[in-house]
Amino acid sequence: MFNVGILLAGSMLLAGIASAHVTVSPKESTQGSYEKFTVRVPTEKDVPTVKVEVKFPLDSVAISRFEPKPGWTYELAKDTSGKITGVTWTATGDGLSKTEFGEFNMQGKVADTATQIVWKAYQTYKDGSVVEWVGAEGADKPASVTTVKPKAAGAAADSHGHTAAGGASASTAGTGTASGNTSLYLSIAAVILGALSLIISLVKKRR
């Protein structure tokens, strides 16, 4: 029982350490899709987290929008062409204490050829220390990774990332539905007219 207790305690400790990593969700996305990404930042030290920087791999994702977060400001980093290469959130107050975590939201488009998105993050504490979450999977301080799946064959994404089977857009599908309804109405009208003609013919014969 003693050994089992030690193993359970060790497992809980390791789970706690793993969950304390800076992570980005969702953990899985699709090529060419528009996605909302959430950066979750826990504080692991006795001093607060006061700054969080995340760098974007431009060959995998293009981030374009950021949700305002009370108590924090953000600053964008751009390359010479004006593309956003990263963002830094800075606390205007006390930041995130030892028992807290924060979530920072942003939106962007996954590249059509991406296979994964590696999010390199840098967490700064009030004492000036910086934790670099940039390592490979299994490292002590790994970078968060979003796996990217290929988009379905024949599916075309519109400006909002929605797809239609066979590459047909929503507007095309709507046009097809309208055409089908029109044909149905014309068929019903033809049947009614035919019935009226028959009735009129029978009445004339009786006279």
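No value in this document is a laboratory result; all are computed from the given coordinates. All values derive from a computational prediction rather than experimental measurement. Here the Cβ positions follow ideal geometry from the backbone for every residue, glycine too, while neighbour counts run over all protein chains shown.
Below, the figures for the structure above:
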read-out: Other-chain or far-sequence residues with amide H under 5 Å of ALA111's (modelled H); value: GLY32, VAL61, ALA62
read-out: Cut-off under 5 Å, modelled amide H: who pairs with VAL148 long-range; value: SER29, GLN116, ILE117
read-out: Other-chain or far-sequence residues with amide H under 5 Å of VAL22's (modelled H); value: none
read-out: Mean shadow area of the stretch 20-156 over all directions, Cα convex hull, nm²; value: 8.9 nm²
read-out: Within straight-line cross-link reach of LYS109, lysines at Cα separation under 18 Å, skipping those fewer than 8 residues along the same chain; value: LYS27, LYS36, LYS55, LYS78, LYS83, LYS120, LYS149, LYS151
read-out: GLU28 paired with ASP94, simple spin-label distance in nm, labels 7 Å along Cα-to-beta-carbon; value: 4.0 nm
read-out: Cα-centred dipole magnitude for the stretch 60-131, charges only on beta-carbon of K, R (+1) and D, E (-1), debye, nearest 20; value: 140 debye
